[in-house]
Amino acid sequence: MGRFRTEKDHDYFKVVDDAINAYTWAAVVKLQERGVVGDVLGPVGQGKEAKLVLAKDREGRYIALKIFYPVPVRFVKSRHGYILGDPRFRGVKISDQLHLVELWCRKEFGNLARAYEAGVRVPRPRGFLRNVLVMDFIGEGNTPAPLLHEVGLEGLDDPEAVFLEVVKNLEKTYIAAGLVHGDLSPFNILYDGEAPWIIDWGSAVRRGHPRELELLRRDVERVLEFFGNPVDPSHLFKRLVERGSAKGKIEVDEEGWLLVGGKRILE
């Protein structure tokens, strides 16, 4: 592994990405000092609110840094609806944009960790600081896995199997993790050639949030629309809500399905 970079490593910093400022780079350096991050390699993806940077951990394994852009006004406006009702943002001033971005990064890490612990297929969270989230890299070698949207339904060898895996993880998210993703669609699901991975957890809300059912219904509708509505979206939505409120023991069968009352959600 190469030497640690420092906050004054401006030449290297510009090579990695001239859009990331010194505030962000200082967080990356601190994560290196903590042993969470090793070498930083360069950007591999970009969205409206964050940039994905490829890196390696201390053992030389690829990891991903999701770096939220500091202080984007559009970020504050677009996320206001997900913040209202979330106790983690109680008392936060919306005008304090930089603080909000840091809290949003912490929120995404917390949601990702909660989903991972519940058995949802997500990138394993590694750590976070300021506006930098560190997680496992999903891809082949140093090439990121494509989005389900990019693969398309016609690009799947077995669309039904992928659909069932998405439903399985959607249910685990709602029942086992106690979350609603809030922005689930083919644009937030990676496909590694064998299985789907759910990403972008910043919009996820805890069950009990005022918009819980609205967001859950939207997640269900968007996913089913991509797969050509193999089941009725309203039926699947109702089944999720019913199973989420069921009392008693919840088990997991040999294929990873949740068993509520001894039955799978699609039985």
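Answer yes if at least one residue in region 148-166 is assigned by TED's automatic domain parsing to the domain that holds P196, aromatic (F, W, Y) and surrounded by 20 or more Cβ atoms within 10 Å (Cβ to Cβ), and no otherwise. Before the answer, list the steps.
Within region 148-166, the first condition is being assigned by TED's automatic domain parsing to the domain that holds P196, and the residues that meet it are 148-166.
Next, from what is left, pick out any that are aromatic (F, W, Y): 163.
From what's left, surrounded by 20 or more Cβ atoms within 10 Å (Cβ to Cβ): 163.
Yes, the conditions are met somewhere in region 148-166.
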Would you point out the residue of region 78-90, among those that are in a loop (DSSP other than H, G, I, E, B) and at pLDDT 60 or above, that is nearest to G110 (Cα to Cα)?
-> D86
Exactly one condition in (1) modelled with pLDDT of 95 or more; (2) crowded, with 20+ Cβ neighbours inside 10 Å; (3) over 23 Å from E194 (Cα atoms) is not met by G127; state its number.
-> (2)
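Of everything in region 175-197, what is within 21 Å of V260 (Cβ to Cβ) and crowded, with 23+ Cβ neighbours inside 10 Å? Give them in sequence order. Before the answer, list the steps.
To start, the set of residues in region 175-197 that are within 21 Å of V260 (Cβ to Cβ) comprises 175-181, 184.
Scanning region 175-197 gives A177, L179, V180, H181, L184.
Report, by residue number, each residue of region 132-166 that is touching a strand residue (DSSP E or B) at 6+ places or on another chain (Cβ under 7 Å), at pLDDT 95 or above and not aliphatic (A, V, I, L, M).
Passing the criteria: D136, F137, P144, P146, E165.
If a residue has to be polar (S, T, N, Q) and modelled with pLDDT of 95 or more to count, how many in region 18-77 make the cut?
Here is the first cut: in region 18-77, the residues polar (S, T, N, Q) are 21, 24, 32, 46.
Still in the list and also modelled with pLDDT of 95 or more: 32.
Here the count works out to 1.
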Return a yes/no flag: does region 208-219 have any residue that is under 25 Å from V134 (Cα atoms), surrounded by 21 or more Cβ atoms within 10 Å (Cβ to Cβ) and in contact with a strand residue (DSSP E or B) (Cβ under 6 Å, 6 or more places away or on another chain).
-> no
What pairs can you find where one residue is in region 194-214 and free of Cβ contacts under 8 Å to residues at least 24 places away in the same chain and of a type in the set (G, A, S), the other is in a loop (DSSP other than H, G, I, E, B) and surrounded by fewer than 21 Cβ atoms within 10 Å (Cβ to Cβ), and their Cβ atoms are less than 9 Å apart, with a gap of 6+ or different chains?
-> G208/G85; G208/G178
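The values are calculated or read from the model by the stated rules, or taken from the named source; none is laboratory data. Source: prediction; values computed, not measured. Here Cβ is always computed from backbone atoms with ideal geometry, including for glycine, and neighbour counts include all displayed protein chains.
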